[in-house]
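Heads up: the structure comes next, in structure tokens.
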Amino acid sequence: MEILLVEDNEILAKGIIYSLEQEKFEVIHKTNVKETIKFLEREKTKLIILDISLPDGNGFDLYKENIKDKNIPTIFLTAKDDEKDMLKAFDTGADDYVVKPFSIKVLLKRIEVVLKRKSNENIFMCGQVMLYSDRKQVFV
């Protein structure tokens, strides 16, 4: 499964890439907004790990303008530990928010949870389903 890592710190990125590859993920690494936009125009990935502070812009704008409408699960990974930044990320549509420094095991678990949540959203049930709307039973 492919993960797009958008991180400008090369040393940190190498560590994350190594850990993700050990878990059998394929990792595409981009270091700035421009590279990421080019990649997203041609490719679709299963998950994005996105830094907020990038050399040519910020992850919030990148997400709002180029990722959100593609419905790609996104985890913000950032040193910004201010509550307002966390709330902004979630209000923007982020699936999760991880603050640096972080445990790679925690990041892996968060990836697992986000992917599981997204896969469950895509399950459709066929047949007779009971829906409750205003305390009324409706059969479809």
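Some points to look at:
- None of Leu108, Leu77 is open to solvent by 10 Å² or more (accessible area, probe 1.4 Å), touching a residue at least 60 places away in the same chain (Cβ under 8 Å), in contact with a helix residue (DSSP H, G or I) (Cβ under 9 Å, 6 or more places away or on another chain) and outside any loop (DSSP other than H, G, I, E, B) except Leu108.
- Pairing residues of the stretch 1-23 that are small (Gly, Ala, Ser) with residues that are open to solvent by 10 Å² or more (accessible area, probe 1.4 Å) and assigned to a loop (DSSP other than H, G, I, E, B), at Cβ distances under 8 Å and at least 6 apart in sequence or on separate chains, gives Ala13/Thr31.
- Per this entry, Thr45 is counted among residues that are within 14 Å of the chain's Cα centre (by Cα), crowded, with 16+ Cβ neighbours inside 10 Å and modelled with pLDDT under 95.
- For the stretch 88-103, a residue qualifies if it is exposed (fewer than 14 other Cβ atoms within 10 Å of the Cβ) and part of a helix (DSSP H, G or I), and the qualifying residues are Phe90, Asp91.
- Here the stretch 5-20 is the region considered, the condition is being among the acidic types (Asp, Glu) and under 17 Å from the mean Cα position of the chain (by Cα), and the residue that is farthest from Glu43 (Cα to Cα) is Asp8.
- Condition met for Lys70 (open to solvent by 50 Å² or more (accessible area, probe 1.4 Å) and within 19 Å of Asn32 (Cβ to Cβ)): yes
For (1) closer than 16 Å to Leu4 by Cα; (2) modelled with pLDDT under 95, each residue gets a yes or a no:
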position	(1), (2)
Thr31	yes, no
Lys34	yes, no
Asn71	yes, yes
Asp85	no, yes
Thr92	no, yes
Asp95	yes, no
Leu107	yes, no
Phe124	no, yes
Val140	no, yes
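- Condition met for Leu20 (at pLDDT 95 or above, within 22 Å of Leu115 (Cα to Cα) and open to solvent by less than 50 Å² (accessible area, probe 1.4 Å)): yes
- Of residues in the stretch 19-36 being part of a helix (DSSP H, G or I) and out of contact with any strand residue (DSSP E or B) (no Cβ under 9 Å at 6 or more places or on another chain), the one farthest from Phe76 (Cα to Cα): Gln22
The values are calculated or read from the model by the stated rules, or taken from the named source; none is laboratory data. All figures in this text were calculated on a predicted structure; none of them were measured in a lab. Neighbour counts are summed over all protein chains in view; Cβ atoms, including those assigned to glycine, are modelled from backbone coordinates with ideal geometry. Please note that ligands, DNA and RNA were not included when accessible areas were found on the heavy atoms of the full protein model with its side chains. Shrake-Rupley method; radii C 1.70, N 1.55, O 1.52, S 1.80 Å.
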